[in-house]
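The values are calculated or read from the model by the stated rules, or taken from the named source; none is laboratory data. Keep in mind that this is a model prediction, so the values were computed, not measured. Here the Cβ positions follow ideal geometry from the backbone for every residue, glycine too, while neighbour counts run over all protein chains shown. The protein model used for the area step is the full one, side chains on, heavy atoms only, and it has no ligands, DNA or RNA in it. Shrake-Rupley method; radii C 1.70, N 1.55, O 1.52, S 1.80 Å.
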Amino acid sequence: MEEKKLFKVSSNPLVRTKRDTTSIMLDVIIALIPTLAVGTYMFGIKVVLLLAVSVFSCVFFEWGYRKLLKKPQSVGDLSAVVTGFLLTCVLPSNATWWMCVIGSFFAIVVVKQLYGGIGKNFLNPALAGRAFLTAGYAALMTSWAVPTVLSGVVDGTTMATPLSFLKAGEALPEYFTYGSLFLGGIPGSIGEVSALAILIGAAYLLIRKVITWRVPTAFIGTVAVLCLIFGKESYGRIDWTVYNLLSGGLLLGAFFMATDYSTSPVTLRGQLIFGAGCGALTVLIRYFGSYPEGVSYAILIMNCCTWAVDRVTRPRQFGMTAEDAKAAKQAKKEAKKKEKEAASA
């Protein structure tokens with residue numbers, strides 16, 4: 001008897017690749033290692049504890065939620081691990097272990113799983129977790145430990161960030177040089193202090209084609225242009241621009257947060273618009289907001305606009321008129337209506 005063979009037929013585009021969600025997430029984890037290594041050197045072994053608690057909590061909450069609702073497990077795709085890594089990066093080193101647990105719960109259960117899991121959330125989970133913690137524990141989330149390299153220079157255990165001095169219009173202390181801003185000798189969130197470490201990780205992601213240049217370039221470029229145009233003369237326009245680019249979470253947000261597949265546009269023009277919007281909002285918040293930093297809220301706001309950006313920049317089929325598009329949309333609605341009527345019958 002002749003053996004029957006089944007062939008799966010699908011429409012274009014047809015893509016053959018060995019890349020899957022797990023391999024992509026593993027690349028992101030590898031790219032974050034330099035950043036967290038510098039953070040550990042600057043703030044001590046406590047960073048490793050915070051990382052362990054964040055990763056464990058994210059994985060546990062994802063496993064527990066899907067187990068409770070009897071859904072297929074997804075912890076093997078490593079997305080929860082990445083959320084734990086990113087959450088650690090946006091926390092101050094003074095954060096407590098229970099803050100990691102609370103932030104992980106909000107990021108995984110509320111922001112990610114309640115909307116259906118990976119690919120269906122419209123906010124970046126790690127940034128949403130950070131925003132939630134900032135709203136509930138503002139004092140702890142804005143307390144910045146003195147990095148190791150400044151322990152003999154600064155008298156105290158906490159200090160203001162470079163952006164705090166810029167926000168107040170005060171001159172930066174002499175120990176905040178271009179070199180310290182680039183290498184990591186500044187206070188701030190664990191993963192944002194070293195521009196060099198972030199750029200090494202970003203280069204890895206670009207080489208591996210995990211991310212593209214569009215969102216980060218539009219994001220950072222918009223901040224640079226606006227800072228040059230509206231820079232404060234007391235600092236000098238060039239110095240003001242460089243300080244704003246190297247301070248805070250701009251580089252970390254541009255390369256690791258704003259490029260999240262689930263919460264950023266899929267169209268090419270949309271990615272440029274999304275990045276530019278993040279940059280403009282960052283500058284707006286830094287100039288006129290209550291906090292000296294604005295990257296997290298800028299990205300979260302643009303996350304909410306992603307669907308609109310994709311819709312506006314969606315390419316139209318060649319030869320299709322507005323009337324054709326309207327007719328197709330109406331036909332689609334009628335088809336859905338008939339399906340509902342058939343199901344109810």
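In this structure the amide hydrogen of T267, modeled in the peptide plane, comes within under 5 Å of no amide hydrogen from residues 5 or more places off or on another chain.
For an R0 of 25 angstrom, estimate the FRET efficiency from the Cβ-Cβ distance between L196 and V225 and round to the nearest 0.05. In this case the efficiency is close to 0.60. Protection proxy ranking of 83-96, 238-251, by the mean of other Cβ atoms within 10 Å over each peptide's residues and highest first, is 83-96, 238-251. For the chain, the mean residue ellipticity at 222 nm estimated from helices alone is -18500 deg cm²/dmol, where every DSSP H run of n ≥ 4 contributes -39500 (n - 2.57) and the total is divided by all residues, rounded to the nearest 500.
Simple rule: put +1 on each Lys or Arg Cβ and -1 on each Asp or Glu Cβ in the chain, find the dipole, and look at I229, G169, C305; the Cα lying farthest toward the positive end is C305. Rolling a 1.4 angstrom probe over the protein heavy atoms with all chains in place gives region 186-229 an accessible area of 38 Å² per residue. As an exercise, use a Förster radius of 30 Å and the Cβ-Cβ distance of F56 and D20 to find the FRET efficiency, rounded to the nearest 0.05. Efficiency, from the Cβ-Cβ distance: 0.80. Once mean projected area of the Cα convex hull in nm² is calculated for the structure shown, the corresponding label among (i) 17.7; (ii) 24.2; (iii) 18.8 turns out to be (ii). Take the chain and mark each of the trypsin sites (Lys or Arg not before Pro) that is in a DSSP loop with at most 10 other Cβ atoms within 10 Å; the longest unmarked stretch, sites excluded, is 71-208. Dipole size of region 180-312 about its Cα centre, with +1 on Lys/Arg Cβ and -1 on Asp/Glu Cβ: approximately 320 debye, rounded to the nearest 20. The alpha-carbon of K120 sits under 13 angstrom from the alpha-carbons of these aspartates and glutamates, leaving out residues fewer than 8 places away in its chain: D260.
Charge dipole of the chain (Cα centre as origin; +1 on each Lys and Arg Cβ, -1 on each Asp and Glu Cβ, all else neutral): 1700 debye, rounded to the nearest 20.
Dipole orientation for the chain: of the candidates A126, V215, Q113, Q113 has the Cα lying most toward the positive pole (charges on Cβ; Lys, Arg +1; Asp, Glu -1). Here the 3J(HN,Hα) profile of region 283-294, calculated from phi with Karplus coefficients 6.51, -1.76 and 1.60 at θ = phi - 60°, is 5, 4, 5, 5, 7, 10, x, 6, 9, x, 9, x Hz, Gly and Pro shown as x. Partner aspartates and glutamates whose Cα lies under 15 Å from the Cα of K70, excluding those fewer than 8 positions away in the same chain, are identified as E62. Multiplying the residue separation of K338 and E233 by 0.36 nm and subtracting their alpha-carbon distance yields 31.3 nm. Here the calculated FRET efficiency for A138 and K209, from their Cβ-Cβ distance with R0 = 30 Å, stands at 0.15, rounded to the nearest 0.05.
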